[in-house]
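Step one of this worksheet: look at the structure below.
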Amino acid sequence: VPHSPGGRHARRRLDASAAAPLPRAVVAAASALTYATMAGAAAAGDKAVDWKAKASHLTDDERAVLWDKGTERAGTGEYNKFYPKEGHFACRACRSPLYSAAAKFDSGCGWPAFDKCYTGAINTNVDTTFGMRRVEIVCATCDGHLGHVFEGERMTKTNERHCVNSVSVVYVKADEKRAEQPLMIKDAAAKK
């Protein structure tokens, strides 16, 4: 199980029945101005930004996952069974592009899965909660928790599965022209 309740980061499971998600079109329209401002700061690589304060557009559930390293219940996320033909997925907090739509695949794990990311978009941390060693993935711009990455499952050619919370990302219909690659987590985790 890629995500579990409890742990050192005040993890909590999100209750899918707590509030109905807004339709994608409403969310997209409501965040259009915020998106443009935050995407500009993210593109500039502005590490001095206090993303927790700046990302006031986030809901309580989104903040619980991104900042407190929580998780949404398996099979409940809006992007779990969503497979667009074009576009990309960006960090919900800072709007940095993370994954192309082409990198998304059906892993059957209950969370959106990707097999590669945009170069430099994701950082990793070693997570030793629950008596096991996992590799946490976070947005390289704002350090928001995305989920975990697993390797060796032989589901795709890259042999990586980025298991991502839907509430950590937002779908953007426009294509992003960036290089993609697997994280090669053995090398990334060894440096930590």
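Screening Glu160 with (1) on the phi > 0 side of the Ramachandran plot; (2) buried (at least 21 other Cβ atoms within 10 Å of the Cβ); (3) more than 14 Å from the chain's Cα centre (by Cα) gives one miss only, at (1).
Looking across Ala29, Ala42, Ala64, one residue alone is open to solvent by 50 Å² or more (accessible area, probe 1.4 Å) and either assigned to a helix (DSSP H, G or I) or at pLDDT below 90 (or both). It is Ala29.
Taking each residue of region 55-79 that is touching a residue at least 24 places away in the same chain (Cβ under 8 Å) and more than 17 Å from His162 (Cα to Cα) and looking for partners that are charged (D, E, K, R) and open to solvent by less than 60 Å² (accessible area, probe 1.4 Å) with beta-carbon atoms closer than 7 Å, six or more apart or interchain, yields Leu58/Arg92; Glu62/Arg92.
Does His145 count as more than 20 Å from Ala179 (Cβ to Cβ) and at pLDDT 95 or above?
Answer is yes for this residue.
Applying a threshold of 9 Å to beta carbon distances and a minimum spacing of six or more residues, or different chains, the list of pairs starting in region 164-184 at a residue that is of a type in the set (Asp, Glu) and ending at one that is open to solvent by 30 Å² or more (accessible area, probe 1.4 Å) and outside any loop (DSSP other than H, G, I, E, B) reads Glu180/Ala102.
Could we say that Ala140 is farther than 19 Å from Asn80 by Cβ, of a type in the set (Gly, Ala, Ser), in contact with a strand residue (DSSP E or B) (Cβ under 6 Å, 6 or more places away or on another chain) and open to solvent by 10 Å² or more (accessible area, probe 1.4 Å) here? The answer is yes for Ala140. No other residue among Ser96, Ser56, Ser107 is at pLDDT 95 or above and more than 25 Å from Met155 (Cα to Cα) apart from Ser96. For region 117-126, indicate whether the set of residues that are hydrophobic (A, V, I, L, M, F, W, C), at pLDDT below 95 and either open to solvent by 10 Å² or more (accessible area, probe 1.4 Å) or under 14 Å from the mean Cα position of the chain (by Cα) (or both) is non-empty. Checked against the condition, which is being hydrophobic (A, V, I, L, M, F, W, C), at pLDDT below 95 and either open to solvent by 10 Å² or more (accessible area, probe 1.4 Å) or under 14 Å from the mean Cα position of the chain (by Cα) (or both), region 117-126 yields at least one hit. Remark: Phe82 falls outside the filter, which requires a residue to be closer than 21 Å to Arg178 by Cα, in contact with a Ser or Thr (Cβ under 9 Å, 6 or more places away or on another chain), among the aromatic types (Phe, Trp, Tyr) and modelled with pLDDT of 95 or more. For region 121-152, give me each residue that is free of Cβ contacts under 8 Å to residues at least 24 places away in the same chain, in a loop (DSSP other than H, G, I, E, B) and touching a Lys or Arg at 6+ places or on another chain (Cβ under 9 Å). Thr128 - this is the single residue of region 121-152 that is free of Cβ contacts under 8 Å to residues at least 24 places away in the same chain, in a loop (DSSP other than H, G, I, E, B) and touching a Lys or Arg at 6+ places or on another chain (Cβ under 9 Å). Among the residues making up region 90-112, a single one is in contact with a Gly (Cβ under 9 Å, 6 or more places away or on another chain), buried (at least 24 other Cβ atoms within 10 Å of the Cβ) and in a strand (DSSP E or B): Cys91. The conditions of being under 12 Å from the mean Cα position of the chain (by Cα) and within 15 Å of Leu66 (Cβ to Cβ) are met by Cys91.
The values are calculated or read from the model by the stated rules, or taken from the named source; none is laboratory data. None of these values were measured; they are calculated from a predicted model. Quick reminder, even Gly has a Cβ in these numbers, built from the backbone with ideal geometry, and neighbours come from all protein chains shown. Heavy atoms of the whole protein, side chains included, go into the accessibility calculation; ligands, DNA and RNA do not. Shrake-Rupley method; radii C 1.70, N 1.55, O 1.52, S 1.80 Å.
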